[in-house]
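These notes concern the structure reproduced below.
The values are calculated or read from the model by the stated rules, or taken from the named source; none is laboratory data. Being a predicted model, the structure only gives us computed values, none of them experimental. Neighbour counts are summed over all protein chains in view; Cβ atoms, including those assigned to glycine, are modelled from backbone coordinates with ideal geometry. Ligands, DNA and RNA are stripped out before the accessible areas are found, and what is left, the full protein with its side chains, is counted by its heavy atoms. Shrake-Rupley method; radii C 1.70, N 1.55, O 1.52, S 1.80 Å.
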Amino acid sequence: MTTQKMPPTPVLQTPRLVLRPLRTKDAPGIQGRFPKWEIVRWLDAGSVPWPYPVDGATAYVAKTLEEMAHGEKSHWAIVPRKGTADLIGVISLWPDDGSSRGQRGFWLDPEFHGQGLMTEAADKVTDYAFSKLQWPCLWLTNAQENHASRRIKEKQGATLVDLLIAQSVSGRVTQMVWLLESED
């Protein structure tokens, strides 16, 4: 179990993306992009209210800013280098608390699916966890039917270590638990 505090969330860049810390003015963009069934259906029912309330993004951003201020988590807005200057998704990272078996979460507007953007963002955040934070491993999870999320973990070399029953927004699902070690 890690009791490590997260440092201030840095700006990370990839060839096609800028990952910058979430900020208050991201709430309208999240409210416009996030509450889509293709995004929320596989997410944890305890973390995502559904139907998504009109102030859902404002409450979410306030919570993320508090988590970042307390060194609990890092939350990045995913912004394309070309095209829209608005966020198109979010990716988060947090230390192992010994119980959740998840240390990274993400979502991407379906308009941008199928382009490898989330893999690019996940690779950069994973590299940050291993290279800068010196974490030996990452615990990752996804609903078994969330094939896109599963493919990202497979591409990164994660090992499937467990299957659990979880409650997602769409109902009971089989949750896949992965271990990604830094040498992978």
**Request:** With springs connecting C-alpha atoms under 10 Å apart, model the chain as a Gaussian network and identify which of Pro49, Pro15, Pro95 has the largest mean-square fluctuation.
**Result:** Pro15
**Fill in**
Under 11 Å by backbone N from the virtual spin label 7 Å along Cα-to-Cβ at Gln167, the residues of region 20-51 are 45-47
**Item:** Of Lys132/Lys155; Lys63/Lys155; Lys5/Lys63; Lys5/Lys155; Lys25/Lys132, those spanning more than 26 Å from alpha-carbon to alpha-carbon
**Value:** Lys63/Lys155; Lys5/Lys155; Lys25/Lys132
**Prompt:** Which entry is the computed mean projected area of the Cα convex hull in nm² for this structure: (1) 26.4; (2) 10.3; (3) 9.7?
**Reply:** (3)
**Request:** Heads up, I need the accessible area for Met6: 1.4 angstrom probe, whole protein in place, Å², nearest 10.
**Result:** 10 Å²
**Fill in**
Expected unfolding gain across Trp37-Asp123 under the 0.36 nm per residue rule, minus the alpha-carbon gap, is 28.4 nm
**Prompt:** In percent, how large is the relative contact order of the chain, given Cα pairs closer than 8 Å and 6 or more residues apart?
**Reply:** 24 percent
**Message:** Please check: in the Gaussian network model of the chain (C-alpha springs, under 10 Å), which one of Lys25, Lys36, Lys73 has the largest mean-square fluctuation.
**Reply:** Lys25
**Request:** Quote the relative contact order of region 25-116 in percent (integer), defining contacts as alpha-carbon pairs under 8 Å separated by 6+ residues.
**Result:** 27 percent
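How large is the helix-only mean residue ellipticity at 222 nm for the chain, computed as the sum of -39500 (n - 2.57) over DSSP H runs with n ≥ 4, divided by its residue count, in deg cm²/dmol to the nearest 500?
That comes out to -7000 deg cm²/dmol.
What number, in nm² with one decimal, is the all-direction average of the projected area of the convex hull of the alpha-carbon atoms of region 9-75?
Averaging across all directions leaves 5.3 nm² for the Cα convex hull.
Considering only protein heavy atoms and a probe of 1.4 Å, how much of the accessible area of region 98-165 is carbon and sulfur, as a whole percent?
Within region 98-165, the accessible surface is 49 percent carbon and sulfur.
Provide the per residue accessible area, probe 1.4 Å, for the chain, rounded to a whole number of square angstrom.
51 Å²
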